[in-house]
Amino acid sequence: MVPFGRNWMQLPGSYEVSLAIAGGGCKAFYGLGVGYQLRKFGIKFKGISGVSAGAAMILGIVSESEELGLNYMANLAQRNTSNFKLSRILKGQTPFPHENIYRRTIRYSIDIDKIRNTNIKIYIQTIAAIPKIDKFTDMINKTKIIPQTASAFILDEADKLKGIPCDRVEKIKEKWNFREIIYTNDDLQDSQIVEQIILNSSSVPPVISLQNKDSTYFFDGGLVNNLPLEVFSTKEKKIGVYYEDSTIFGKDPDILKNTFLIRPSRDLKVSSFDYTNPTGIIDAFELGKMDALAIKDQVLDFCKVHFFDSLVA
């Protein structure tokens, strides 16, 4: 792919696609494995999008540090003995070790220079939630919004798995004036800001604390869209990596029409927030690689640039 005015001239015979990775906590290491293997196939990413843990994974792919981040996270999980530590409450700390481990892995594996200088268009989704007001009103709002949002999400996910239309999260979104925010390359110029953007996209209280910047709180972007394919053109070739059918339930058929979907070929051996399971984390990554290898010919055929694809916006 070479510059051509304000467009890109793709070279026929090369391979190019845009990649979206769903959020899912530790399950997102499956998406990291798929992305790593696609990169090793020689596929060039025109765009890349993610939400929650998927946001951390796409930046690991852009940084070309997939195995580095995997091994560091697995090492921390090996040393972590519990997902809930009561003793930390007595010290005035959160009993959940997840945010500390998550932040440390992000800092260790993200290459800010590669992110700044990449030609790949990056999109990270989050939700701007309730405004931060005075301390008392703030406490009341948080006491209401966190359980209401969690309940709506859980019930909606259960309905989606049964193929039942649902709108509880949509109603919560309207009630609390949620706004979807998309961070792009221009926002990703400083390592501390990048870390905070990933945390904003991953905010799942109480496991990952409710994040805020200035007067705004943020929630996990996966609450409203756990696979942000919509940031890409409908005509663009896309690969979407997800883990449960509920993720794609209700997606616009026009978005999925030109999308190659990849999901695990078997059950993953790790749950979203099990930060004590290094074996399961590594297995998710390796399964992602294996599943991509198993469909290599189909993927390359899908991503191959043909003559009439040669000039793209």
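The values are calculated or read from the model by the stated rules, or taken from the named source; none is laboratory data. Because the structure is a prediction, the values reported are computed rather than measured. Here the Cβ is made from the backbone with ideal geometry for all residues, glycine too, and neighbour counts use every protein chain on show. Each accessible area value is taken on the protein alone, full model and side chains, heavy atoms only, with ligands, DNA and RNA left out. Shrake-Rupley method; radii C 1.70, N 1.55, O 1.52, S 1.80 Å.
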Next on the checklist: Which residue is farthest from Lys173 (Cα to Cα), if the candidates are limited to segment 196-210 and must be surrounded by fewer than 23 Cβ atoms within 10 Å (Cβ to Cβ) and not aliphatic (A, V, I, L, M)?
Outcome noted: Gln196
Next on the checklist: Looking at Ala28, Ala20, Ala55, can you tell me which residue is at pLDDT 95 or above and in contact with a Leu (Cβ under 6 Å, 6 or more places away or on another chain)?
Outcome noted: Ala20
Checklist outcome for this item: Considering segment 272-288, residues that are open to solvent by 40 Å² or more (accessible area, probe 1.4 Å) and outside any helix (DSSP H, G or I), and then whichever is modelled with the lowest pLDDT, we arrive at Phe273
Next on the checklist: Among the residues of segment 289-310, are any modelled with pLDDT of 95 or more, more than 27 Å from Thr149 (Cα to Cα), open to solvent by less than 20 Å² (accessible area, probe 1.4 Å) and touching a Lys or Arg at 6+ places or on another chain (Cβ under 8 Å)?
Outcome noted: yes
Next on the checklist: I need every pair where a residue in segment 207-222 that is in contact (Cβ under 8 Å) with a residue 24 or more places away in the chain has its Cβ under 7 Å from the Cβ of a residue that is outside any loop (DSSP other than H, G, I, E, B) and of a type in the set (Lys, Arg), sequence separation at least 6 or different chains.
Outcome noted: Leu210/Lys142
Checklist outcome for this item: Reported set for segment 227-271 where residues are among the small types (Gly, Ala, Ser) and either open to solvent by 30 Å² or more (accessible area, probe 1.4 Å) or at pLDDT 95 or above (or both) is Ser233, Gly240, Gly250, Ser265, Ser271
Checklist entry - When residues of segment 211-226 are filtered for being among the acidic types (Asp, Glu) and buried (at least 23 other Cβ atoms within 10 Å of the Cβ), how many remain? => result 1
